[in-house]
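In what follows, a single structure is set out as structure tokens and then discussed.
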Amino acid sequence: MTTLAVSSYQAPEVRLPRLLAGVSYYQAAGLPDHERMYGPLPLPDSGGRPGRNSRQRPERLIDLVDRSGLTGRGGAGFPTGRKMRSVVTSPGRAVVVANGAEGEPASCKDRLLLTRVPHLVLDGIALAAFTVKADEAYLVVHGQETELLASLEDAIAERQSVGVDPVPIQLAGIPGRYVSSEQSSIVQFINGGPGKPTFSPPRPNERGVKGRPTLVNNVETLAHLALIARYGDGWFRSIGLPSAPGSTLVTVGGAVARPGVYEIEMGTPIGQVVMLAGGPAERLHALLVGGYFGAWLAAEVAWPVPMSHAGLKSVGGAMGAGMVIALPVTSCALAETARVVSYLAEETAQQCGPCMFGLPALADALIDLAWQGGRGRALDQIATLIPLIEKRGACRHPDGATQLVRSALTAFAADARWHDQQGPCYGVRRAPLLPIPGDEEREWGWT
């Protein structure tokens, strides 16, 4: 079957980096440099620009993505081709939304793509719009990131001046709240409402922006789409696992020698990911994998586990948006967990009981355990609260928080019992490890 690859541009060697191959750590790649590296956008001719393939049909790209095995890189890991097909088969003219609003404070992979290789993401948006026959496309980031918005406006204008994109790409700046980057929050905000999650069904692919079928993808997913369209499914699958092909971006932080964003093959063991970041800067106690909706794993448990949805699920973890944070033995894991859950309790939409009452109570119990010692009651209180919170909310926000707490009580069971009976741990470093946005960064409203 003919693919969408541009014939004059050969697939590069099977190696890493792929997404980050065009990254300059000094400035964003402009459109001419982008096209010199990757070739023109592989779409039917629009505006008379050379190098386009005029024989392609939208459904062929969906078949290509299906064969590639690409899954979403925003957290859920849903098959991208299946999501595209669900939008195409829904009645009504489609809309495409690219989610670049990185809600996880510990993650910076999406921002790296948008600030250094924006045209790879914009290519993915254009290809997605062509494939699902959309006549509207949006790129969403946080509204307070004014410099990022300005640079993306310049990149979009550069493309408009030469007629690259079949559909104009509109920028949207959503509130800088944790739950505002959830897909139903984004759809509601674009529709003129508050940036809060909505109940489902219907899901965005059924009825999203303006009541139309809407394809919502993370920007990393769309950047992969831009490469698959050029180089094919076999090229994409040539690295990674048969069940989890391709590469993915991982933000590595905490007690490592070189924190940053790394591109890895899917299935790379967590320990190898840590070594890519220079290895541990101190003796490690545990690793937080998957972000603040992820899970704590004891270092010796996490080290051989493959970075994939199935691999992490097998040990009670989650891939999430691709984060590995190393916790040293000099940090209190329970104090860090209490800080995160307190932040998550403040970041709720305040529209259901588990978020309005359950998460603040859970945060208070964790604070009691971490800093007051629990006095023999905190663990019982936490155990009572968790089943009253999870699977009862309007969105996944409370479930993500309880998953993190459950993992902490498993990974640090002995520490938790000691805290509950003996009091807070003294002589342990009190400097916070996990990044939590400051109050001044969280003063955004919902509209």
- Note on the structure: The correct count of residues that are modelled with pLDDT of 95 or more and either buried (at least 24 other Cβ atoms within 10 Å of the Cβ) or among the hydroxyl-bearing types (Ser, Thr, Tyr) (or both) in the stretch 345-362 is 2
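Between Asn217, Asn205, which is of a type in the set (S, T, N, Q) and either over 16 Å from the mean Cα position of the chain (by Cα) or in a loop (DSSP other than H, G, I, E, B) (or both)? Walk me through it before giving the result.
Values: Asn217 fails: either over 16 Å from the mean Cα position of the chain (by Cα) or in a loop (DSSP other than H, G, I, E, B) (or both).
After applying the criteria, what remains is Asn205.
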- Among the residues of the stretch 179-197, is there at least one that is touching a Leu at 6+ places or on another chain (Cβ under 7 Å) and either in a helix (DSSP H, G or I) or buried (at least 20 other Cβ atoms within 10 Å of the Cβ) (or both)? no
- Kindly check whether there is at least one residue in the stretch 241-264 that is closer than 17 Å to Val65 by Cα, free of Cβ contacts under 8 Å to residues at least 60 places away in the same chain, surrounded by 21 or more Cβ atoms within 10 Å (Cβ to Cβ) and not acidic (Asp, Glu). no
- Per the filter on the stretch 336-387, residues hydrophobic (A, V, I, L, M, F, W, C) and in contact (Cβ under 8 Å) with a residue 60 or more places away in the chain are Val340, Val341, Leu344, Ala349
- Message: Being under 18 Å from the mean Cα position of the chain (by Cα) and assigned to a helix (DSSP H, G or I) is the requirement here; does Leu127 meet it?
- Response: no
- Going through the stretch 316-333 one residue at a time, which ones are of a type in the set (Ser, Thr, Tyr) and open to solvent by 10 Å² or more (accessible area, probe 1.4 Å)? Thr330
- Message: Need the failing condition index for Val97 against (1) under 22 Å from Glu265 (Cα atoms); (2) in contact with a strand residue (DSSP E or B) (Cβ under 6 Å, 6 or more places away or on another chain); (3) open to solvent by less than 10 Å² (accessible area, probe 1.4 Å), just the number.
- Response: (1)
- Task: Tally the residues that are of a type in the set (A, V, I, L, M, F, W, C), more than 24 Å from Gly195 (Cα to Cα) and not in a helix (DSSP H, G or I), restricting the search to the stretch 130-161.
- Result: 1
- Message: Against the condition modelled with pLDDT under 95 and among the polar types (S, T, N, Q), how does Thr337 come out, does it pass?
- Response: no
- For the stretch 398-416, enumerate the residues that are open to solvent by 50 Å² or more (accessible area, probe 1.4 Å), at pLDDT 95 or above and in contact with a helix residue (DSSP H, G or I) (Cβ under 7 Å, 6 or more places away or on another chain). Arg406
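The values are calculated or read from the model by the stated rules, or taken from the named source; none is laboratory data. Model, not experiment: these values are computed from the prediction. Note: ideal-geometry Cβ built from the backbone for every residue, glycine included; neighbour counts use all protein chains shown. Protein only, heavy atoms only, side chains kept; ligands, DNA and RNA dropped before computing areas. Shrake-Rupley method; radii C 1.70, N 1.55, O 1.52, S 1.80 Å.
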